[in-house]
């Protein structure tokens, strides 16, 4: 049981640690100290929901459906390229971190909407949670699947809590516009790299 728990933890943490659209947004909220608990909680709950679907059957089904994988991959490439474009565009701005400026506080509804969009309109989320993590968990013995799922949930919770609340340690660096530019450029580059990696799934 413990081995299966550790397997779920390692598989999940190795996949979600890559900086994607969702992670980048949570990091930015953490730096701004705005709605961090809400965003982190939403991301963890969404992971629980999606990984559970994958572990308890859908992941196995999708793994054997190449047409569906192709559709998800094509949509993912388009989404990631668009997000990369917005990141590179943001890098042209002269932003710096202004935590005490209430004018720049993001409305709660906007944050909720964007977390949902970053999660459910990003096909790479489905590939990670349902297809990859869920596909591995779906092949575990039925009586042990819950332990795989618990390991995955633990990894997700640790990651998003560390990302959202640990971001405050980076605040001194993000008071300089050049750091924001580097973050946006890095995010955009990673989005293009992930989009390119999705091409390998298309057959």
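Just one residue in the set 32, 50, 80, 27 is farther than 22 Å from residue 126 by Cα and either touching a helix residue (DSSP H, G or I) at 6+ places or on another chain (Cβ under 8 Å) or at pLDDT 75 or above (or both); that residue is 32.
Exactly one residue among 164, 151 is surrounded by 16 or more Cβ atoms within 10 Å (Cβ to Cβ), within 16 Å of the chain's Cα centre (by Cα), modelled with pLDDT of 80 or more and part of a helix (DSSP H, G or I), and that residue is 164.
Might you let me know whether the range 19-27 holds any residue that is outside any loop (DSSP other than H, G, I, E, B), under 16 Å from residue 132 (Cα atoms) and in contact (Cβ under 8 Å) with a residue 60 or more places away in the chain? Checked the range 19-27: no residue is outside any loop (DSSP other than H, G, I, E, B), under 16 Å from residue 132 (Cα atoms) and in contact (Cβ under 8 Å) with a residue 60 or more places away in the chain. Taking the criterion of being under 20 Å from residue 49 (Cα atoms) and either free of Cβ contacts under 8 Å to residues at least 24 places away in the same chain or touching a strand residue (DSSP E or B) at 6+ places or on another chain (Cβ under 7 Å) (or both), the residues of the range 142-180 that qualify are 142, 143, 146.
Every condition in (1) closer than 29 Å to residue 75 by Cα; (2) surrounded by fewer than 14 Cβ atoms within 10 Å (Cβ to Cβ); (3) free of Cβ contacts under 8 Å to residues at least 12 places away in the same chain is met by residue 116 except one, and the failing one is (3). Taken over the range 53-74, residues that are under 19 Å from residue 122 (Cβ atoms), surrounded by fewer than 20 Cβ atoms within 10 Å (Cβ to Cβ) and at pLDDT 75 or above amount to 4.
The values are calculated or read from the model by the stated rules, or taken from the named source; none is laboratory data. This is a predicted model, so every value here is computed, not measured. Ideal geometry is used to build each Cβ from the backbone, glycine not excepted, and the neighbour counts take in all protein chains shown.
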